[in-house]
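The structure appears below as structure tokens.
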Amino acid sequence: MVIGVLTTSYPRHADDHAGSFVGDRVRALLDAGHAVDVIAAGPDGATTRARADRLTITRIGGGAVGSLFDGEGAPERLERGGARAWLAALGFWNAQAAALRARAAALDAVEAHWLLPSAAVAIQAAPG
């Protein structure tokens, strides 16, 4: 099976604790023989895509996405960041939905971490 994983946080390096439980889940899926396509927040700048064996990681960048999800976390930044932070979040969710729609035909299942926003994106973007 090919499993899509939508998340705001996915480890960026071996010592990164952000999204470590999602990283653990992805490793378990890979160990079970599945291919995994992760769609996660990335740093400011261009969206990137990396492939290794059965794992593909797409990091959604652009605007203030990286600064929204790095550091203390999105809830705190959304609380203090005003309209600019919410616009960055909306941009990320739209880009994440577009990335899911672009690959939906190749996916057998989709997991979302967290319920908001990733599950909402999955419901909105997944084919009927």
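For the reader, a short list of remarks on this structure follows.
- Residue that is modelled with the lowest pLDDT [pool: residues in the stretch 10-38 that are touching a Phe, Trp or Tyr at 6+ places or on another chain (Cβ under 9 Å) and closer than 17 Å to LEU100 by Cβ]: VAL22
- From THR56, THR47, residue being surrounded by fewer than 20 Cβ atoms within 10 Å (Cβ to Cβ) and touching a residue at least 40 places away in the same chain (Cβ under 8 Å): THR47
- Any hit, the stretch 69-84, residues being at pLDDT 85 or above and of a type outside the set (Phe, Trp, Tyr): no
- Restricted to the stretch 1-39, and to residues there that are in a strand (DSSP E or B) and hydrophobic (A, V, I, L, M, F, W, C), the residue that is surrounded by the most Cβ atoms within 10 Å (Cβ to Cβ) is ILE39.
- Residues within the stretch 82-97 that are closer than 12 Å to LEU6 by Cα and exposed (fewer than 15 other Cβ atoms within 10 Å of the Cβ), tallied: 0
The values are calculated or read from the model by the stated rules, or taken from the named source; none is laboratory data. All values derive from a computational prediction rather than experimental measurement. Please note: Cβ atoms are built from the backbone with ideal geometry, for glycine as well, and neighbour counts cover all protein chains shown.
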